[in-house]
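The values are calculated or read from the model by the stated rules, or taken from the named source; none is laboratory data. Bear in mind the structure is a predicted one, so any value in this text is a computation, not a measurement. Neighbour counts run over all protein chains shown; Cβ positions are idealised from the backbone, glycine included. To get the accessible areas, we keep the full protein, side chains included, count just its heavy atoms, and leave off ligands, DNA and RNA. Shrake-Rupley method; radii C 1.70, N 1.55, O 1.52, S 1.80 Å.
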Amino acid sequence: MATEFISNSWLMPTNANAEANRVSNYSLDFDGSSQYILIDPILKNLPSDNFTISAWVKINTLPTGTAEKVLFQELTSSSRYVRLCIKGNQNGFVLRYGDGSNLQINGATTITTGVWYNIMLVYSTTGIKLYLNGSEDASASYTSLSRSAFQYAAIGCYYYAGSALNFWDGMITQFSIFDYALSSSQVTQLYGTGSTIGNPMAITNGRKPVAYYPLGNAAFNGEFLTPNGAEQDYVFDFTSSIINPSVTL
């Protein structure tokens, strides 16, 4: 299935600037108590030591103590996992990962509620890096993750074997996954200019993402549509009819 090219202007409100209301009207708002998205099949096929995950996020309430609010989680029953989250006892984003042991990278930038951030996880054979708003925020030496055993992956919570917890409380949009490590120049391009955000589908000197979740209104006819308008004009209307896949419609 091909992913439709989406231009930068499609993603942005009129006269958007810097971090103010960057994509607030065009993002999914996770309620912090029950909402998440499973994305298992895509993650299972990523390389073991080269991939990139990027998203624009805003958190409404910070966790307390050692509690976590999870932006992204991938794991298996064998203690192999990648978890990008905010922890109550840390100031910034935290990457927790391991292959039989628990390791943690703590971001240096203090996170504020109600502010949009671009967060990127870049995993390569030379190390693991966290980027925040286009700049490196934390890093660690390389650790293999033996990805073939991974079973579960989710956006917006910690998910394992049918159970979900540690829900993200806030907005997430422009979630993209690349099957290679983005270079520093590509990270800068994907972050954008400060007045417009980068488009994952237009990345240069590299392949397009293997998965791209705008997580906002998907129907487009030259301008943003209200949700009701999108639903009315751009969805299937199922009745009591049966569609036979062997019949050409």
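What the table shows:
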{"item": "Förster-model FRET efficiency, 25 Å R0, Asp40 and Thr113, C-beta, rounded to 0.05", "result": "0.25"}
{"item": "From phi via Karplus (6.51, -1.76, 1.60), per-residue ³J(HN,Hα) for the range 156-172 in Hz, x at Gly/Pro", "result": "x, 5, 8, 10, 8, 6, x, 10, 10, 7, 6, 6, 6, 10, x, 9, 9"}
{"item": "In Å², nearest 10: area of Glu74 left accessible to a 1.4 Å probe", "result": "0 Å²"}
{"item": "Pair Asn50, Asp29: separation of 7 Å Cα→Cβ label points (nm)", "result": "4.1 nm"}
{"item": "Peptide ranges 161-170, 123-132, 31-40 listed from the most packed, as the mean C-beta count within 10 angstrom indicates", "result": "123-132, 161-170, 31-40"}
{"item": "Label-to-label distance, nm, for residues given as Ser79 and Asp179 (7 Å Cα→Cβ offset)", "result": "3.0 nm"}
